[in-house]
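The values are calculated or read from the model by the stated rules, or taken from the named source; none is laboratory data. Predicted model, so just to flag it, every value in this text is computed and none were measured. So basically every Cβ, Gly included, is an ideal-geometry build from the backbone, and we count neighbours across all protein chains shown. Ligands, DNA and RNA are excluded from the accessible area calculation, which covers all protein heavy atoms including side chains. Shrake-Rupley method; radii C 1.70, N 1.55, O 1.52, S 1.80 Å.
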Amino acid sequence: MKKLPIKYLQIALVALIKDAGYDTDGFDMFPRVEVSGVEMEEGAEKGDRDYNCTFLLDVITKSDSPMLSLNILENLRNKLDELEVDFFYKDGLIPETCTQAIELTDTETIYRQLQRFRIHLTQKD
């Protein structure tokens, strides 16, 4: 039976982030890492077992410096080597664009590192 790769990729990413000791949700939780934009490229034909997917890690910190968010991102980039996606082989993981966003309020600064990745998954037999 065909499995939906983006479902299992999302589950694996959240588990990996939590295993690294970071929160993955909660509007007022800092630091946290959100997984978003999990997408599968168009063009997969019925019966295909190979999928190119992308996802975005959003590292969000409340700090007086971007270093905390950069350190978390660096830690997660290294940890992604350990990523295992149920029902799929990971055939490649490539970091793509990384963007820093700074949100200022009257009392605090929120730093965000938004890192997009491309991953190739092959469904196991």
Taking strands (runs of 3 or more DSSP E) that do not extend beyond the stretch 1-104, which have at least 3 residues that are of a type in the set (S, T, N, Q) and open to solvent by 30 Å² or more (accessible area, probe 1.4 Å)?
-> 88-104
Contact list, first residue from the stretch 10-38 and closer than 16 Å to L70 by Cα and in contact (Cβ under 8 Å) with a residue 40 or more places away in the chain, second anywhere and acidic (D, E) and open to solvent by less than 60 Å² (accessible area, probe 1.4 Å), beta-carbon distance below 6 Å, six or more apart or interchain, is none
